[in-house]
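What follows is one structure encoded as structure tokens, with my remarks underneath.
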Amino acid sequence: MKKIIFFLLFPFLFYGQDSVLVTPIQGRINTNNAELSFIQINDTLAFFSAINETNRFQSSIYYSIKKGNKWGKRKYSKYNSDNFDTGDITFLNENNIVFTSCNSNSECELVSFQKGKYYTIKSINSKGFKNTQAHFAQHNSQAVLYFVSDREGGFGGLDIWMSMLDKDGNFGIPINAGNKVNSMADEITPFFNTYDGHIYFSSNRKNGIGGFDIYKAEGKLNLWDKTKNVKELNTLQDEMYLYFYNSNTGYLASNRKGAKFENTEYCCNDIFSFEYLPPMEDTSLSDIHSHLPLVLYFHNAEPDCCTMDTTTTKTYKDAYISYFKMKDEYEQQNVNLSSFFERELQANFNSLNIILNMLLSDLVNGHKMNLQIKGFASPLYNPAYNQALSQRRISSVINYLQHYNNGVFTKYIQSQYLSISELPFGESTSSEKVSDDPADKVKSIYSLPAILERRIEIVDIKLVD
């Protein structure tokens, strides 16, 4: 795995407050290398930059197609060159496209792509200075290109600059975005959000939360109000390349917890999606505790009999259905089980779905919740096996949670708004009255005491401060 030192995509490379969810982007975008500058063009198309490690760090622009809620395998875009590293693409329209091009000496300039050909932007690029990370914006009828440069006339190492376009699409002389945005530190990856009228950018200035933090300022061109730290999006690591797709969702690049790595954590940027939650109309908690604790039952040695694996790909719904289909077999072995399958097994599965709907309501209302699950096994087989079995049973319930209602809980789990505490007890709490004789299946498998030991318990769902 590589350490990011490539200038084009920048050399240095938790989630926030209650109002926003930040999760790794779904699909096949992120790798152990670095992915940055993700921009979504429409409902199904996005472009992004990535650094691949071959005999050297090489940056290229890729695109991806979205199917369902997941982005597909990256594909090499036409906005690349065999002779240069490319990245940070921005679109004003189909005829005005700009990206960064760097040579092997990390000398970077802004390039315009028109009709299949590359054109250096002479009015912006200046020899001996880096010009990179361009972003098109529109202020009423005025089109402007924001970009990053270490050219003379700035306030620090890297500043945000702008170039206004005339009616023919020609780029004007660069103008510094001003000292309300720029500082003595580095300011990078500008993005103007038309939905709220703020420019967003990253900076490693003093008194931030992490290395590079995301900041914002309201205004336009070089007329900005006071800069504010966007605390809900920042962590102790680096955040950059913020991009809004609509008024409340978008993407950023970060090497925060959850970014993929091979050997060294926090080494490389991944793409994360974010979603600002709507204002909470009802901050009260649901009556979820009136349904707890909830007990869910399993057939003997299920799921996945006869393995020491501690996880399973099956969901509790799979285990429940296969168990319920064995009703006649159980009743043939034990006539006293006539009510268990309806009053316990089936009724408790229905209660599980009620609980999950209540849990979802609490999460949507902005609450952070912790789900506590205990797993148990009967004393049949050996203690080590039963310990693994109780863990598989917990795993099946978590799988059901992740698949529930088309995966609606996934973003809450990934952003840690929903945490899960797993407590596998195996056979350690089982009653001495329960048979552990494999030769006596009536008592060790089909008896009610044995049935009641093969379970998980959703013990509590707690509000996390």
Query raised in the report: Which condition number does Asn182 fail, the rest of (1) surrounded by fewer than 23 Cβ atoms within 10 Å (Cβ to Cβ); (2) modelled with pLDDT of 95 or more; (3) in a loop (DSSP other than H, G, I, E, B) being met?
Result: (1)
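Can you tell which of Leu252, Leu242, Leu236, Leu221 is under 16 Å from Leu21 (Cα atoms), among the hydrophobic types (A, V, I, L, M, F, W, C) and in contact with a Gly (Cβ under 9 Å, 6 or more places away or on another chain)? Spell out how you get there, then give the answer.
Details: Leu252 fails: in contact with a Gly (Cβ under 9 Å, 6 or more places away or on another chain); Leu236 fails: under 16 Å from Leu21 (Cα atoms); Leu221 fails: under 16 Å from Leu21 (Cα atoms).
Checking each option against the conditions leaves just Leu242.
Determine, yes or no, whether Tyr316 is surrounded by 12 or more Cβ atoms within 10 Å (Cβ to Cβ), under 28 Å from Lys443 (Cβ atoms) and touching a Ser or Thr at 6+ places or on another chain (Cβ under 6 Å). Let's see the steps before the verdict.
Values: surrounded by 12 or more Cβ atoms within 10 Å (Cβ to Cβ): yes; under 28 Å from Lys443 (Cβ atoms): yes; touching a Ser or Thr at 6+ places or on another chain (Cβ under 6 Å): yes.
Here the answer is yes, as Tyr316 does meet what is asked.
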Requested in this report: Considering only residues that are over 18 Å from Asn125 (Cβ atoms) and in contact with a Ser or Thr (Cβ under 7 Å, 6 or more places away or on another chain), look in the range 76-111 and name the one that is modelled with the lowest pLDDT.
Outcome: Asn80
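Tyr330: closer than 27 Å to Val434 by Cα, assigned to a helix (DSSP H, G or I) and in contact with a Leu (Cβ under 6 Å, 6 or more places away or on another chain), yes or no? It would help to see each step written out before you state the result.
On the way: closer than 27 Å to Val434 by Cα: yes; assigned to a helix (DSSP H, G or I): yes; in contact with a Leu (Cβ under 6 Å, 6 or more places away or on another chain): yes.
Spelling it out, Tyr330 is indeed closer than 27 Å to Val434 by Cα, assigned to a helix (DSSP H, G or I) and in contact with a Leu (Cβ under 6 Å, 6 or more places away or on another chain).
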**Report entry** Number of the condition not met by Thr189 [criteria: (1) modelled with pLDDT under 95; (2) on the phi > 0 side of the Ramachandran plot]
**Finding:** (1)
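Only one residue in Tyr404, Tyr412 is part of a helix (DSSP H, G or I) and either in contact with a strand residue (DSSP E or B) (Cβ under 6 Å, 6 or more places away or on another chain) or of a type in the set (Lys, Arg) (or both). Which one?
Values: Tyr404 fails: either in contact with a strand residue (DSSP E or B) (Cβ under 6 Å, 6 or more places away or on another chain) or of a type in the set (Lys, Arg) (or both).
So the residue among Tyr404, Tyr412 that is part of a helix (DSSP H, G or I) and either in contact with a strand residue (DSSP E or B) (Cβ under 6 Å, 6 or more places away or on another chain) or of a type in the set (Lys, Arg) (or both) is Tyr412.
Could you list, in sequence order, the residues of the range 422-448 that are surrounded by fewer than 15 Cβ atoms within 10 Å (Cβ to Cβ) and in contact with a Phe, Trp or Tyr (Cβ under 8 Å, 6 or more places away or on another chain)?
Looking only at the range 422-448, we keep the residues that are surrounded by fewer than 15 Cβ atoms within 10 Å (Cβ to Cβ), and these are 428-429, 431-433, 437-440, 442, 448.
Answer for the range 422-448, where residues must be surrounded by fewer than 15 Cβ atoms within 10 Å (Cβ to Cβ) and in contact with a Phe, Trp or Tyr (Cβ under 8 Å, 6 or more places away or on another chain): Thr429, Pro438, Leu448.
Residues checked against (1) in contact with a helix residue (DSSP H, G or I) (Cβ under 7 Å, 6 or more places away or on another chain); (2) polar (S, T, N, Q); (3) within 19 Å of Asn93 (Cβ to Cβ); (4) not assigned by TED's automatic domain parsing to the domain that holds Tyr241:
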| site | (1), (2), (3), (4) |
| --- | --- |
| Ser141 | no, yes, yes, no |
| Val144 | no, no, yes, no |
| Phe171 | no, no, yes, no |
| Pro174 | no, no, no, no |
| Ile188 | no, no, no, no |
**Report entry** Test: Asn80 is surrounded by 15 or more Cβ atoms within 10 Å (Cβ to Cβ), over 27 Å from the mean Cα position of the chain (by Cα) and of a type outside the set (D, E, K, R)
**Finding:** yes
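Based on what the data block shows, is Ser126 surrounded by fewer than 18 Cβ atoms within 10 Å (Cβ to Cβ), touching a Pro at 6+ places or on another chain (Cβ under 9 Å), modelled with pLDDT under 90 and small (Gly, Ala, Ser)?
Values: surrounded by fewer than 18 Cβ atoms within 10 Å (Cβ to Cβ): yes; touching a Pro at 6+ places or on another chain (Cβ under 9 Å): yes; modelled with pLDDT under 90: yes; small (Gly, Ala, Ser): yes.
In short, yes.
The values are calculated or read from the model by the stated rules, or taken from the named source; none is laboratory data. Model, not experiment: these values are computed from the prediction. Note that we place each Cβ from the backbone using ideal geometry, even for glycine, and neighbour counts take in every protein chain shown.
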